[in-house]
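To keep things clear, I will list the structure first and then write my remarks on it.
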Amino acid sequence: MSEAGAVFANGPSPDEALWQVWKAMDPPEGYRGEIIEGAIELSPTARRSHGLIANRVRRVLDQFLDGGEYACYQAGNVIHNRKAWIPDAFVAPEDTEPYRDKDDMGVTADSVHLIVEVVSPGKRNQDRDRVKKRREYARAGIPV
């Protein structure tokens, strides 16, 4: 075994290494990072029209969920097996404290009941949100 292979064998798994890099990241202003299908993806924060749509959906969900045990959240991390996603909105229990991940970076995917992605124009955005992230949400067992 090569010296590099020996170091890797004793080091963190690829998922753990990505997780540690993601936690330590300080993306440039206007960008956010997610761990999607084994890679850290940086994407710009949304345009005004994208934000307006996401906020409209959140307000409707807030009204629908008012008085119940669930709430709608924005700009939060959803964590599953050392992967991290930032959906445009998601529905989880009103009290997320029992569902925070062990590093307190977000809520665990098993507490999330619905994900909202407002898909921006462009093939790259559509592939990320409609294909890659959709597969990740399904693997995590998020029902909607």
Query raised in the report: Roughly how many whole Å is it from the C-alpha centroid of the stretch 23-75 to that of the stretch 76-123?
Result: 9
Query raised in the report: What aspartates and glutamates sit close enough to K132 to cross-link, taking a C-alpha to C-alpha distance under 13 Å and skipping anything fewer than 8 places away on the same chain?
Result: E34, E37, E41, E117
Requested in this report: With 10 Å bins from zero, work out the P(r) of the chain over every alpha carbon pair and list the percent per bin.
Outcome: 11, 38, 35, 12, 4, 1, 0
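Please state the relative contact order of the stretch 1-122 as a whole percent: Cα pairs under 8 Å, 6+ residues apart?
Values: 159 pairs, mean separation 24.1, N = 122.
Relative contact order for the stretch 1-122 comes out at 20 percent.
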**Report entry** Within-14-Å neighbourhood charge of I53 [Cβ basis; K, R +1; D, E -1]
**Finding:** +2
Requested in this report: Pop out the ³J(HN,Hα) list for the stretch 33-39 in order, Karplus 6.51 cos²θ - 1.76 cosθ + 1.60 with θ = phi - 60°, rounded to Hz; leave Gly and Pro as x.
Outcome: x, 9, 9, 10, 6, x, 9
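Report, in debye and to the nearest 20, how large the dipole of the chain comes out about its Cα centre when Lys and Arg carry +1 and Asp and Glu carry -1 on their Cβ. Present the calculation step by step, with values, prior to reporting the outcome.
Numbers: 20 positive and 23 negative charges, 161 e Å.
The dipole of the chain has a size of about 780 debye.
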Query - Degrees, to the nearest 10: 48-65 long Cα axis against longest axis of the chain - result: 70
**Report entry** C-alpha long axis of helix 14-24 to longest principal axis of the chain, angle in °
**Finding:** 60
Query raised in the report: Of all DSSP beta bridges located in the stretch 47-139, what percent are antiparallel, nearest 5?
Result: 85
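Using packing as a proxy for protection, rank 84-93, 45-54 so that the peptide with the highest average count of other Cβ atoms within 10 Å comes first. Kindly include the intermediate steps, with their values, before the conclusion.
Working: 84-93: 22.0, 45-54: 13.1.
By packing density, highest mean first, the sequence is 84-93, 45-54.
Every read-out reported here was derived from the displayed coordinates using simple, explicitly stated rules and does not represent laboratory data. The shown structure was predicted, so the numbers you read here are calculated from the model rather than taken from an experiment. Counting neighbours? That spans all protein chains shown, and the Cβs are built from the backbone with ideal geometry, glycine included.
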